[in-house]
Amino acid sequence: MGNSALKAHLETAQKTGVFQLTGKGLTEFPEDLQKLTSNLRTIDLSNNKLEILPPLIGKFSFLKSLALNNNRLTALPEELCKLKKLESLHLNGNHLRQLPAAFGQLSALKTLSLSGNQLRTVPTQLCGLRHLDVVDLSKNQIQNVPDTVGELQAIELNLNQNQISQISVQISHCPRLKVLRLEENCLELSMLPQSILSDSQISLLAVEGNLFEIKKLRELEGYDKYMERFTATKKKFA
């Protein structure tokens, strides 16, 4: 992409606060964006070939939305965690194995999409995020859901298409969790904590495509209580 094209994009971004440059084969984060650190509210560099997100990302202190879907990122810089106003972060289709240690400092984060990466566990850093609404960890390599998950504040947790065979009973303690997606994993019925049904806030549990027949779920203790929540929620949205 020529400099003049980039310049035009930068001028637009200066006025709108939105810098969007997708599917252009970019291999590097545009350094010229530094001139707009106080203007930009949205950056979308999805569908490119970025391998590195540079530390300068930490300077965009007014950034509310960052989308880097379908790039080649293997790691994220600690500086990303300085973005105190960031509300949505989309990193689907990269090669991420873990999140920066300070990720829990992204205190405004509401939406986090990490579908199609190489995560092996539910990152414990997520438990510090108080405003998290939706977390998408589908299509990773997660094998178990650890005890720390009980502190997760999310309303929806998507763990579809992983390799999960164990789930901590603590998941039923998540204070705001309403939607839990566990489709196409490696769960035996005996490994599904019954407290999810009998003693949680969860009103939509999606477990199709595991190692048990879905109708067996109805035989579990607490299924009636779950159905009460499910039906009440359905009525609310009807």
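Using the structure shown, decide if residue 149 is more than 13 Å from residue 160 (Cβ to Cβ) and of a type in the set (Val, Ile, Thr). Break it down into steps so the answer makes sense when it comes.
Numbers: more than 13 Å from residue 160 (Cβ to Cβ): yes; of a type in the set (Val, Ile, Thr): yes.
Considered against the rule, which asks whether it is more than 13 Å from residue 160 (Cβ to Cβ) and of a type in the set (Val, Ile, Thr), residue 149 comes out as yes.
Mind checking which residues of the range 76-97 are crowded, with 16+ Cβ neighbours inside 10 Å, out of contact with any strand residue (DSSP E or B) (no Cβ under 7 Å at 6 or more places or on another chain) and farther than 16 Å from residue 60 by Cβ?
Of everything in the range 76-97, those that are crowded, with 16+ Cβ neighbours inside 10 Å, out of contact with any strand residue (DSSP E or B) (no Cβ under 7 Å at 6 or more places or on another chain) and farther than 16 Å from residue 60 by Cβ turn out to be 93, 94, 96.
Please specify each residue of the range 1-49 satisfying the condition of being closer than 21 Å to residue 72 by Cβ and of a type in the set (Val, Ile, Thr).
22, 27, 43
Out of everything in the range 62-74 that is in contact (Cβ under 8 Å) with a residue 24 or more places away in the chain and open to solvent by less than 60 Å² (accessible area, probe 1.4 Å), what residue ends up being nearest to residue 161 (Cα to Cα)? If you could, list the steps in order and put the result at the bottom.
Applying the first criterion (in contact (Cβ under 8 Å) with a residue 24 or more places away in the chain) to the range 62-74 yields 62, 64-71.
Subset that is open to solvent by less than 60 Å² (accessible area, probe 1.4 Å): 65-69, 71.
Numbers: 65: 26, 66: 24, 67: 22, 68: 21, 69: 18, 71: 20 Å.
Taking the candidates together, the pick is 69.
Need at least 3 residues that are more than 18 Å from residue 94 (Cα to Cα) and modelled with pLDDT under 95 per element, so show me which strands (runs of 3 or more DSSP E) inside the range 1-82 make the cut, counting only ones lying wholly within it. If you could, list the steps in order and put the result at the bottom.
Numbers: elements: 18-20, 42-44, 65-67.
Output list is empty.
How about the range 196-238: which of its residues are part of a loop (DSSP other than H, G, I, E, B), surrounded by fewer than 16 Cβ atoms within 10 Å (Cβ to Cβ) and small (Gly, Ala, Ser)?
Those that are part of a loop (DSSP other than H, G, I, E, B), surrounded by fewer than 16 Cβ atoms within 10 Å (Cβ to Cβ) and small (Gly, Ala, Ser): 209, 238.
Please give the number of the condition residue 189 fails out of (1) over 23 Å from residue 102 (Cβ atoms); (2) open to solvent by 80 Å² or more (accessible area, probe 1.4 Å); (3) over 17 Å from the mean Cα position of the chain (by Cα).
(2)
This table checks each residue for (1) farther than 15 Å from residue 142 by Cβ; (2) in contact with a helix residue (DSSP H, G or I) (Cβ under 8 Å, 6 or more places away or on another chain); (3) hydroxyl-bearing (Ser, Thr, Tyr); (4) assigned by the TED database to the domain that holds residue 133.
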| position | (1), (2), (3), (4) |
| --- | --- |
| 68 | yes, no, no, no |
| 71 | yes, no, no, no |
| 74 | yes, no, yes, no |
| 78 | yes, yes, no, no |
| 83 | yes, yes, no, no |
| 98 | no, no, no, no |
| 103 | yes, yes, no, no |
| 108 | yes, no, no, no |
| 112 | no, yes, no, no |
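When both residues are 6+ apart or on different chains and their Cβ atoms are under 9 Å apart, which pairs have a first residue that lies in the range 200-216 and is on the phi < 0 side of the Ramachandran plot and among the acidic types (Asp, Glu), and a second that is open to solvent by 20 Å² or more (accessible area, probe 1.4 Å) and in a loop (DSSP other than H, G, I, E, B)?
Close Cβ pairs (under 9 Å, with a partner that is open to solvent by 20 Å² or more (accessible area, probe 1.4 Å) and in a loop (DSSP other than H, G, I, E, B)) amount to 208/183; 208/184.
The values are calculated or read from the model by the stated rules, or taken from the named source; none is laboratory data. In this text, all values refer to a predicted model and were calculated from it rather than measured experimentally. Note: ideal-geometry Cβ built from the backbone for every residue, glycine included; neighbour counts use all protein chains shown. Areas reflect the complete protein model, heavy atoms only, side chains present, ligands, DNA and RNA absent. Shrake-Rupley method; radii C 1.70, N 1.55, O 1.52, S 1.80 Å.
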